[in-house]
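Heads up: the structure comes next, in structure tokens.
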There are 2 protein chains.
Amino acid sequence: MSLRHALLAALSQGEASGYELAKRFDVGVAEFWSATPQQLYRDLERLEQDGMVSARVVEQSRRPNKRVFSLTAAGREELRAFTRRPAKPPAMRDEFLVQLQAVDLTDPGAAVEAAATRRERARQKLAGYDQLRERMLAGRGETEFYAESSQVGPYLTLMAGRMYEQLNIRWATTVIETLTRRGESAPAADGE
Amino acid sequence: MSLRHALLAALSQGEASGYELAKRFDVGVAEFWSATPQQLYRDLERLEQDGMVSARVVEQSRRPNKRVFSLTAAGREELRAFTRRPAKPPAMRDEFLVQLQAVDLTDPGAAVEAAATRRERARQKLAGYDQLRERMLAGRGETEFYAESSQVGPYLTLMAGRMYEQLNIRWATTVIETLTRRGESAPAADGE
DNA sequence: CACACCTATTCAATTTGTTGAGTATAGGGG
DNA sequence: CCCCTATACTCAACAAATTGAATAGGTGTG
């Protein structure tokens, strides 16, 4: 229901095209909301019909033209109203945790590999977030930044993303160690 | 798509009724997958049709009868196959992060309250997880547990849940502090 | 003894989300 | 010059999730 609001929030940081938003949602904003390009285009369409965003075609010479969306007054008002409503508790969908839940009835090798993949992914996302953080801070310390900037919101959500990926790295490491140690002491057994 | 597998994984820890699973998914298993009761009942139905689980009616004297589901051999095999496939990257849906992203164009008071709510919720979930952990460890140390138990999977996912709630507490605290400090130095302004 | 609340589940309608393909232009490498 | 990749979208079909209500017996409270 509130991909719409996630879009409005993303656009509150400045106008963007559907394609740009798609990349942000696929890569970056996945910190707090995930969606496929098709969803974004569809919902942008609807937001436009509802007068929450307005589109403007930007002619480009060396690439296809694009439609750039920005918030309207109504959109900004809707977003404000949304921020005043209590938020639903966060929802997670994590296949790896499901797999791990059932690890005791399988070969743990696959889980160890999956944990390594997860850790690697987390490292890359963290690196990306760190770069973004440097850009946002622009040489300032955190305290200065908090005092000066009008972008505290994005910074705080970025920090949530960073902390989450740091957690993933630590946790994946203990998963790997635990399952590996177990695998050594009881090679291919399954049982208490 | 893989609520089915989440159900199979939950049932791999022992049989349960739809209602019991609904509570687990609402409260506990929300660590890694979230779903409403209706979804569970529907998917249990389908899993039964597909021969992945079998149902058995348990007559109860002082409450309505219930149907208790357990894994079949086919279900266990499907679960094993699932654990060997690569997992999709985790997906998050976090309304509060969306709200916070847009905090710079609103009164931060609402966000501070929401952060406090989040922190309180996290504390309660953490307390629940800690109790569950005590029960799983049953007086043993972690090292012993890892060596002895056939429940390493659930323990590791529980640890993920614990770490996640600890993160929420820490993060919500910095959000509250940051926004409060800002609110003091610039009472009701909105700008750089 | 009425009323709210808990167990335990089902039905129907609607909204969201996913998958896969298809269109079109441009730039770079071999 | 062909193919691959990137930009920038659109369409259609399907699967999954959400919302709201309904049913129905039992328990505890005032």
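The criterion of at least 3 residues that are out of contact with any Ser or Thr (no Cβ under 7 Å at 6 or more places or on another chain) and within 13 Å of DNA strand C (Cβ to nearest atom) is met, among strands (runs of 3 or more DSSP E) falling completely within the range B:29-95, by B:53-58. The residues in the range B:54-74 that are within 16 Å of DNA strand D (Cβ to nearest atom) and in contact (Cβ under 8 Å) with a residue 40 or more places away in the chain can be counted, and the count is 3. When B:Gln60, B:Gln99 are checked against the criterion of being modelled with pLDDT of 90 or more, farther than 20 Å from A:Val98 by Cβ and out of contact with any Asp or Glu (no Cβ under 9 Å at 6 or more places or on another chain), B:Gln99 stands alone in meeting it. Answer yes or no as to whether B:Tyr155 is under 15 Å from the mean Cα position of the chain (by Cα), closer than 17 Å to A:Pro108 by Cα, part of a helix (DSSP H, G or I) and more than 7 Å from chain A (Cβ to nearest Cβ). Taking the combined requirement at face value, the residue satisfies it. Of the residues that make up the range B:124-141, is at least one facing chain A (nearest Cβ under 9 Å), at pLDDT 90 or above and out of contact with any Asp or Glu (no Cβ under 6 Å at 6 or more places or on another chain)? No, the range B:124-141 has no match at all. Taking A:Ala10, is it outside the structural domain of A:Ala160 (by TED's automatic domain parsing), of a type in the set (Gly, Ala, Ser) and not in a helix (DSSP H, G or I)? For A:Ala10, the condition - outside the structural domain of A:Ala160 (by TED's automatic domain parsing), of a type in the set (Gly, Ala, Ser) and not in a helix (DSSP H, G or I) - is not met.
The values are calculated or read from the model by the stated rules, or taken from the named source; none is laboratory data. All values reported here derive from a predicted model rather than from experimental measurement. Here the Cβ is made from the backbone with ideal geometry for all residues, glycine too, and neighbour counts use every protein chain on show.
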